[in-house]
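What follows is a short report on a single structure.
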Amino acid sequence: MRILATILLLIPSLYLGAQKDSLGTEPIDSNWLWFSDSMLTVLEEVNLEFQRIEGARGHRIEEDIDARSFQALNLAEGLKQNSALFVRSNGSNGVATLSVRGTSSSQSKVYWNGLDITPPNLALIDLSLLQSKPWESLEIDYGAGSLPLGSGSIGAALNLNTQWEGRGKRKAFLSLGRGSFGRQEYQGWAAYGNGKLRAQSSMSYSGINNDFQYRLPGENQRLRSQENADFDQFHAQQSLNYRINGYSFLNTNVWYSRTERSLPRIQLSQNALFDRMTDENVFWNNEYQRHFKDQKFIFQSQLGMVASSNRFQIALQDEIDRNDFQSFQGQLRLKTMEDNWFNGEIAWQGRMDQVQSDNYLQTEKRWQNALYGNMGFDLGNHNSAKLQLRSEIIDRDWAPLTGSFTWYPYFIKVPNFSQHLSISRNYRVPGLNDIYWQELGNPDLEPEESYQLNLGFDYQLNKSAFSMLWELHSYYMWVDNWIQWVPQNNIWRPLNLKTVHNYGLDFIWKTGLNREIWAIEGTLKYQFLQSEVRSSLNRPESIGNQIAYNPSHSVYFNPSFRYKQARLSYNLNYTDRVFIDEANQYYMPGYLLQDLQFSYRHYLNKHSLVFNFSLHNLGDIDYQVIAWRPEAGIHYRIGLQWFFSEK
């Protein structure tokens, strides 16, 4: 079986024909997207731009997360406000993780410019540590769509990618923001350079005291105070892009961040005791790209490093619990760039992770090598198919063979309408904490295995000033050997506890009518999910029940209206109730959040000023995402932004 997989993976290198990356065609309002002309530049000089690693068509959904839209403090807050995804937020400044299609937080990963930045010890990433920036795009590859990037993303892979400005043009951006509960934000960005060398620099600071009032269920007034739950974060990023010649270039990106916070106590506790946590991260990514044969082939190489330090101090204790990790990653890729009857890609990926922790007996390492390949076929009559396979060795053990087969039929013969059907297999190895945590880790854990079926449709219409797009993605997924920490004789340990079946759908609808002096736009996103336990080790009471903290229904609605340089936007987010225990006896009620933002832009030749004012939680409701972690009532944010663009 391994030999067959290797032969299939090598086939693209023998018969490489052509492949073209897909680009969205949604109309861009240049009055509001200050970097829109850079996208036109990318389209004009695509042979000089780095071709990002993308999953199979039909598995990817683009999320419109803009730091200026409702002034998101970080990526967790941006996703919570601007999507239907469920963010598990432990309070206003607590750890925030993502649950995708009923999977656990450890079953999704985050990539930055193709570099896996997910901690290998925790096997999950805190989204509140990542900034939401307008100069980076965000795409989500579900299930097998993440296989070109790496393994382990049974739920999805979140991809942050640096967007490059046009060569020879200087641009700058400054943002100042204040808000309720001591909120403050300062952000700066600049793009500069000549025709051969481009550079982009950014720096930001954000902080919030989180000293809001709240009440417990059954209380009539907000007499309790959320105190000493401060959050301070600093980011600095430097990117360089050097054009070696007309067909090759080098690219390097460095991102440093530091986050300090006092974790809020839960509502049940009456003691004024607050734990503190500090996180420092350095991400360094280096890429080389060369085009061959009149842009028909592209070779990519990547070398990167992730270094992270987490320091946790329990209240009233002098000792600091330290957990560090380093990850060294590299890959080589060769793929085609045009559409013919056959196209493909082949890649090698390697990495070494090491973790130092006060809870480990020694430094632990994990080595990983993978061979990935995909083949696309034109079946005639507008039908096509794509096969992708991934084979890995982790330390000295072969991992399960993974891959997918996707068929793009042409049954419904309507212009701009497409459909896809896929079947896939994925897996995730245990995190290093699951194995090596002193006296608690379980070295006998098996990898989680997942099988998925996906059926999707999408349609896009552009007619004069009117545009419309809708997508429907349905799925059925089952996960065996689900890893979960559970108490055994009053000691928590990880076990391959259960088998879970998830099914549901994602619906996206976008429309817009754009005239010269006014525009109306709207976005609607709806998610339906059923996540059920089908078998469970030593926990028969959970069989047939819903997985905790997975809402069955989620809705995001965002209409906006622009007249000349003024814009009014409204956000509605509805999250259905979630169970908080495996027996499904207790649940958190659903909640509906509403936000309103007003923006005004003033142009001064090459400069422009934008004023933002927004109100959040308009209904002033009391709600919790995680039990006993309070969230804020109605509050405001105000911001001023300056843009400079060389014409």
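Every number in this text was worked out from the coordinates using simple rules, so none of it is lab data. As the structure is a computational prediction, the values presented were derived from the model and not from experiment. Quick reminder, even Gly has a Cβ in these numbers, built from the backbone with ideal geometry, and neighbours come from all protein chains shown.
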**OP:** Return the inverse of the average 1/r over all pairs of distinct C-alpha atoms in the stretch 287-394, which is the Kirkwood hydrodynamic radius, in Å to one decimal.
**Re:** 17.4 Å
Original post:
With θ set to phi - 60° and the Karplus curve 6.51 cos²θ - 1.76 cosθ + 1.60, what are the ³J(HN,Hα) couplings of the stretch 98-106 in order, to the nearest whole Hz, using x for Gly and Pro?
Top reply: 10, 10, 10, 6, x, 8, 7, 5, 7
**OP:** Name the longest site-free stretch of the chain, where the excluded sites are GluC sites (Glu not before Pro) in a DSSP loop with no more than 10 other beta-carbon atoms within 10 Å.
**Re:** 1-318
Subject >> Gain in span if fully extended, TYR476 to ASN442, counting 0.36 nm per residue against the direct Cα distance >> reply: 9.3 nm
Original post:
What is the stretch 433-497 by shape, rounded, prolate or oblate, if you read a ≥ b ≥ c off the alpha carbon gyration tensor as root eigenvalues and call it rounded for a/c under 1.5, prolate for a/b larger than b/c, and oblate otherwise?
Top reply: prolate
Original post:
Computed from the mean reciprocal separation of all distinct C-alpha pairs, what Kirkwood hydrodynamic radius does the stretch 393-445 have, in Å?
Top reply: 15.0 Å
**OP:** Using the number of other C-beta atoms within 10 angstrom as an exposure proxy, rank ILE491, ILE314, ILE154 with the fewest first.
**Re:** ILE491, ILE314, ILE154
Original post:
How high is the relative contact order of the stretch 117-200, in percent, with contacts defined as C-alpha pairs under 8 Å that are six or more residues apart?
Top reply: 20 percent
Subject >> Computed lengthening from ILE394 to ARG170, 0.36 nm per intervening residue step minus Cα-Cα distance >> reply: 76.1 nm
**OP:** Quote to one decimal, in nm, the extra length available between ASN381 and ARG224 on full extension: 0.36 nm per residue of separation minus the C-alpha distance between them.
**Re:** 49.9 nm
Original post:
Rg(Cα) of the stretch 90-210 divided by 2.2 N^0.38 Å?
Top reply: 1.25
**OP:** Please say if the stretch 495-647 is rounded, prolate or oblate, where rounded means a/c under 1.5 for a ≥ b ≥ c the square roots of the C-alpha gyration tensor eigenvalues, and otherwise the choice is prolate for a/b larger than b/c and oblate otherwise?
**Re:** prolate
Original post:
Efficiency by 1/(1 + (r/R0)^6): what FRET value for ALA190 and LYS564, r their Cβ-Cβ distance, R0 = 25 Å, to the nearest 0.05?
Top reply: 0.30
Original post:
Mind listing which chymotrypsin sites (Phe, Trp or Tyr not before Pro) in the stretch 341-425 are in a DSSP loop and have 15 or fewer other Cβ atoms within 10 Å?
Top reply: TRP341, TYR410, PHE411
**OP:** Tell me what the chain gives for mean residue ellipticity at 222 nm when only DSSP H runs of n ≥ 4 count, each as -39,500 (n - 2.57), the sum divided by the residue total, rounded to 500 deg cm²/dmol.
**Re:** -1500 deg cm²/dmol
**OP:** State the answer as a single residue: which of ALA72, VAL533, SER391 lies farthest towards the positive end of the charge dipole of the chain, with beta carbon charges of +1 for Lys and Arg and -1 for Asp and Glu, about the Cα centre.
**Re:** ALA72
**OP:** Sticking with the crude label model, points 7 Å out along Cα→Cβ, report the distance from GLN213 to TRP284 in nm, one decimal please.
**Re:** 5.1 nm
**OP:** Express the relative contact order of the stretch 2-645 as a whole percentage, based on alpha carbon pairs under 8 Å and six or more residues apart in sequence.
**Re:** 12 percent
Subject >> In range of the label at TYR603: residues from the stretch 621-647 whose backbone nitrogen is under 17 Å from the point 7 Å along Cα→Cβ >> reply: 642-647
Original post:
What are the radius of gyration and Dmax of the stretch 2-645, computed over its Cα atoms and given in Å?
Top reply: 24.3, 72
Original post:
In what sequence do ASP397, ASP576 fall when counting other Cβ within 10 Å, fewest first?
Top reply: ASP397, ASP576
